[in-house]
Amino acid sequence: MPHLVLLVEDDDQIAAPLIRTLEREGYSVQRASAGLPAIDRVQAGDVDLVLLDLGLPDIDGLEVCRRIRAGGYAGGVLILTARGGELDRVVGLDVGADDYLAKPFGLAELLARARALLRRAAPAAADAPAPAATPAAPAPPAAATDDAGALRVDTDARRVWVGAAELAVTAKEFDVLALLQSTPGAVFTRERVMDDVWDENWFGSTKTLDTTIGRLRQKLEESGTSSRIVTVRGVGFRLESTADA
């Protein structure tokens, strides 16, 4: 099955060539011309990647990103916008976007970034249950039930557990956490994390790493786990447990 890309763009002159280009690359493309219909479509399930304009006629694209992440969407989000300032980019990443492309942009660059996000985000999106469905709560791995605050990263299922509760994370958040958890207590340099989580198609600022780490820290703290991401000044990050302190 081809990847499903949702293009959220109200300008027909921009949307039409993007749809043609994406379809030529073999993607299945659907379009939403406003933010609220886009949120409804994402919540219906099966969307692998969202290409999101910020200047929408009903609500701001940043609010769209915030709501779909709050609703559990774990697929890729690539913001497409004429707002090219660093502050706007950082705000977009803070609300859950994975990447940011300022208009005007080249189609080759757009496709490269889309491929990079789909390689990492599509597995997580496929694992996320459709909001309309009401399946029984998934059972956590047995090891995760031994300690109410124990953190477990299931790399095969791309799921994160704190005790018996599943922790909702985006694709990039999962990749960062899985890397740090692969060797608890070890320091991973910023360069190592960027190379492993963001690949050769990443053209943006390393500030996206800081915003991703910031979101992960907040989620870990709110979950009640004893695991924390610690900054080693001038070097990078490590994952450690306060229970061992």
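Part of a helix (DSSP H, G or I), under 21 Å from D98 (Cα atoms), open to solvent by 20 Å² or more (accessible area, probe 1.4 Å) and of a type outside the set (G, A, S): does that describe R31? Criteria not met by R31. Restricting attention to segment 164-189, which residues are outside any loop (DSSP other than H, G, I, E, B) and in contact with a Gly (Cβ under 6 Å, 6 or more places away or on another chain)? Selection gives F188, T189.
Right, L52: under 18 Å from L107 (Cβ atoms) and open to solvent by less than 40 Å² (accessible area, probe 1.4 Å) or not? Considered against the rule, which asks whether it is under 18 Å from L107 (Cβ atoms) and open to solvent by less than 40 Å² (accessible area, probe 1.4 Å), L52 comes out as yes. Filtering segment 87-111 down to residues that are of a type in the set (A, V, I, L, M, F, W, C), part of a helix (DSSP H, G or I) and open to solvent by 10 Å² or more (accessible area, probe 1.4 Å), which residue is modelled with the lowest pLDDT? Per the stated criteria, the residue is L87. E25 meets each of the listed conditions (1) farther than 26 Å from K207 by Cα; (2) without any contact (Cβ under 8 Å) to a residue 24 or more places away in the chain; (3) open to solvent by 70 Å² or more (accessible area, probe 1.4 Å) apart from (2).
Within segment 55-70, the residues that satisfy the criterion of being in a helix (DSSP H, G or I) and charged (D, E, K, R) are E63, R66, R67, R69.
The values are calculated or read from the model by the stated rules, or taken from the named source; none is laboratory data. Note that the structure is predicted; figures quoted are calculated from it, not measured. Backbone-built Cβ (ideal geometry, glycine too); neighbour counts: all protein chains shown. For accessibility, only protein heavy atoms count, side chains too; no ligands or nucleic acids. Shrake-Rupley method; radii C 1.70, N 1.55, O 1.52, S 1.80 Å.
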